[in-house]
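Please read the structure below before turning to the comments.
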Amino acid sequence: MKRILVIGPSGAGKSTFARKLRDITNLPLTYIDMLFHNADKTTKTEEDFIALLSEKLKDDEWIIEGDYTNSLEMRLARCDTVFMLDFPIDFCLQSAKNRVGEKREDMPWTEEVFDEEFGEWIKKYPSERLPKVNALLEKFSDRVKIFRFKTRGEADIFLENLKRETFFK
């Protein structure tokens, strides 16, 4: 586990999982939202975003957090491990609502109100983006280790076990 992706729907807790993983492995962590978004809530051009991401992918060790289906194939081509947080969408939607007003290291601004359009985007994940994600995971499954967690509890148990293994090395 030297080049790791943490993916899943918005609100699943990818950033929290990735931070915990970073703290256990000491691998550098990059949040895709920080590469794509500017502090003024605008976005970089697709060309600039891909250039920034391509530079990160050249490194030998990393954790990259974020789903961004449009760049997933290029990240899967370079990673060795994927953690898919495949949590129920209602859980993800509530988590996204609960984090409004919190300053987060994975976003260049603090959301002051819940964006209902963003909520609709989360709700569409299972029908619009998950099939593409699953197809790409299948495409790379012969050379990439894939962990799929269905609950936060499963993910937490994995992290606790990894922490123990790392501690006793």
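Each value in this text was obtained by applying a stated rule to the coordinates, not by laboratory testing. Since the model is a prediction, treat every value here as computed from it, not as a measurement. Virtual Cβ from ideal backbone geometry, glycine too; neighbours counted across all protein chains shown.
Observations on the structure shown:
- Every residue from region 121-161 that is hydroxyl-bearing (Ser, Thr, Tyr) and surrounded by 11 or more Cβ atoms within 10 Å (Cβ to Cβ): Tyr125, Ser141, Thr151
- Among residues of region 121-150, those that are assigned to a loop (DSSP other than H, G, I, E, B) and either over 16 Å from the mean Cα position of the chain (by Cα) or aliphatic (A, V, I, L, M) (or both), counted: 5
- Members of region 122-138 found to be closer than 11 Å to Asp67 by Cα and among the β-branched types (Val, Ile, Thr), listed by number: Val133
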